[in-house]
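Just so it is clear, none of the values below were taken in a lab; they were calculated from the coordinates. Note that this is a predicted model, so its numbers are computed, not measured. Here the Cβ is made from the backbone with ideal geometry for all residues, glycine too, and neighbour counts use every protein chain on show.
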């Protein structure tokens, strides 16, 4: 009973003395087999606080919030809510106590309307009509415009996230957990989200904000707790830290800086795409619309854009997993290749790294040597008269291991047993060791630790320096700014004209990612003249 | 306290080897209970099933004879299953192979056709089985029809076709109206390995098939293709492998092997074409394939073991009046345990003690 009286805790931020935090974990530990995902973590979350949870992939952030949201039971330690020890039987109990969560991966039904999706996620007994009215009201109050009657598949990723946020807000949570909310947003959409979050904070709610974008955290958050290897490293005020000092705490050391070689020369066009249009292969897929670009040797072209705007479809069309009727749409090394299979394109000197490491880039339950053979059988001398040269496949594994510092328990383990970063280094290494003329890589450092990300980015730069043409699709604008020479943006299956990286400000890219054109004035001028 | 299945980081090779043995052990325990319920002495029954057949030369040869079609069919099926193509109709392909090969034997009956007859029969049987298996394969690739259903249904078509032929056009005129062809000529018969014994050339062919499959899967790019298409279809497409082509190929190969097994059975131990030439070889071979871990050497061992249950079942029927159908029960239980134990390759059992300490005095 005592706890409930503190519901509207008026204690201003920073003056907590004598009061108990809204939520507290004490010695929270979660063990999976021999692996300690969370090791005795203590965290205090106060009302009116935006609290960042920082850490690399695998640091234990997800495990911690899953325990707080009742999705998993801690192996040891306790969770206190308003000073009272609680054991959450599941997410619905967490919600009923006032804990809400917005996941990074949305759980929405594409073929249902916004209101239907929200209704499915609520535990309440109110009528659909009342619920719809409340949905409109909540979305208006917080400046998160949504049309309850539209079906989800018609909405952009940003709008889909709004559904999830509104759904969480409709439960009137005192504490809201957001997992990497800006990963799928344009810079402008992210700014709008921050306004909403500031407002929630002003209303006295607490927010746990999981991110690895440090500038964002410095701007938005009052407190940051940093996890590394399942342990809490520190709790600090991010505004008093630098991005570099936060990164050091996350990584536990200095991160190697990525350096482009000076005097990189561009040579002949090695990958040319001419007016490539392709109907989607899936019901709600994206149609590629008249995509054209030219990529020279020695050059890195970045493709930015919010996920789901045709990047996957473009990758499939470039790799040859989907064929084009017109051979001239994709030209590799001067040869029309639109109709050629992925194996034939590899023989022309192209190499590909898809976004999904397990199940697409590798067969998870096969050994690394077999996964070397997966893409190497076409053109790497691993097959003689139909017979596999096992020594050659193992040699590729050894070379990739050595060159790209792949850490693994034995010489030739299954792909699935490697950590994300090490597997990605292996996959990128496997392709780079083939000395490709053209490398098409999708989300090269997605979910990869900072050390591995630096190795991979450096490898891409070095490959370009050696004369290859490199196409990098990424949602991480910082990554593209770091390695790309030019950046183009995908939106609704269209690809913008590339901007030189020096000109590609976040504002310009953000506009393109949201579907705006950059030259309304020039167009108007042209009409006037 | 609760028992949970926990995913292993890497597949356990030890369990992969031991799992069939655990399955056999569990099957034997279950059978012991079953024999006791049937009112038979379980020890004597198990002796009749598993020990007695191993004690005389005739039974040993008979085991090899029964294992021959099982192993050949199971090798073909294992290629399909590895590639995620579910051929359940090997029984039908076996029968069509027997029919196709017998056609030459029936047509050359009583003529002075030379030694080309048997090789021609083998080739035609393999072709017949392959073509018959291509029907479900092409239906799957072109129309998306479930190959599980179509291949299974075609078993009954093949069964009735054989029935029609031996009751109608191919019936032995001097056969007292029995539904059977005449005994095949010596040139149309698979030669015996030991004069007066039971072992025939087919067993050698089965061993060659095992060796060829081991090389195919272990050392060639085609074998790798088969494995990767089944294990990770999207990665296989990324690797440049066409799963539809492999469905066609593996169905054709497994149909050919089943057809070959069919003619070897007819032109060997049986000696003529008649209904009931197979005691369900095509279905039992599914168990052989899984019990053998879809691995050629494993299939050879599993084939011999399942053949043992056929012979043991016959002996148990003669000696102890245990119905022959108990053999099928045995085989069914075995498949069930094999599939169940396979989950231990990727998962392990773990006892979990939920830690739900609630601080006292707060309520």
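Odds and ends about this structure:
- Spatially, segment B:11-61 and segment B:321-336 are offset by 11 Å when compared through their Cα centroids.
- Comparing Cα centroids, segment A:421-496 and segment B:210-228 end up 35 angstrom apart.
- Ordered by the number of other Cβ atoms lying within 10 Å of each residue's own Cβ, fewest first, B:139, B:80 fall into the sequence B:139, B:80.
- For segment B:67-315, averaging the sequence separation of C-alpha pairs within contact (under 8 Å, six or more residues apart) and dividing by the residue count gives a relative contact order of 40 percent.
- Using alpha-carbon coordinates, inclination of helix B:13-38 to the longest axis of chain B, degrees: 80
- Segment B:133-174 and segment B:261-306 have Cα centres spaced 18 Å apart.
- Two-site FRET efficiency, residue A:234 against residue A:343, from Cβ-Cβ distance with R₀ of 56 Å, rounded to 0.05: 0.65
- Cβ crowding within 10 Å, taken as a proxy for footprinting-reagent exposure, orders B:293, A:287 from fewest neighbours to most as A:287, B:293.
- Look at the alpha carbon pairs under 8 Å that are at least 6 residues apart: their mean separation over the length of segment B:57-140 gives a relative contact order of 30 percent.
- With N counted as the residues of the protein assembly as shown, its alpha-carbon radius of gyration over 2.2 N^0.38 Å works out to 1.16.
- Shape category assigned to chain A from the gyration tensor of Cα positions, a/c cut at 1.5: prolate
- Annotation: the antiparallel percentage among DSSP beta bridges lying fully within the protein assembly as shown is about 55.
- Virtual paramagnetic centre 7 Å along Cα→Cβ of residue A:267, amide N under 16 Å, in segment A:287-329: A:295-300
- Considering only beta bridges that DSSP places wholly inside chain A, some 55 percent are antiparallel.
- Gaussian network model of chain B, Cα within-10 Å springs - most flexible of B:113, B:261, B:83: B:113
- Exposure proxy ranking for B:143, B:238, based on other Cβ atoms within 10 angstrom of each Cβ and starting from the fewest, stands as B:143, B:238.
- Of all the options B:257, B:124, B:95, the one that moves most in a Gaussian network model of chain B with Cα springs shorter than 10 angstrom is B:124.
- Beta bridge orientation in segment A:407-506: antiparallel %, DSSP, nearest 5: 45
- Summary value for chain A: 14 percent relative contact order, contacts being C-alpha pairs under 8 angstrom separated by 6+ residues.
- Shape index of chain B: Rg/Rh, with Rg the Cα radius of gyration and Rh the Kirkwood radius from the inverse mean 1/r over Cα pairs, equals 1.05.
- Secondary-structure-derived ellipticity at 222 nm for chain A, considering helices only, amounts to -9500 deg cm²/dmol, per-run term -39500 (n - 2.57) for DSSP H runs with n ≥ 4.
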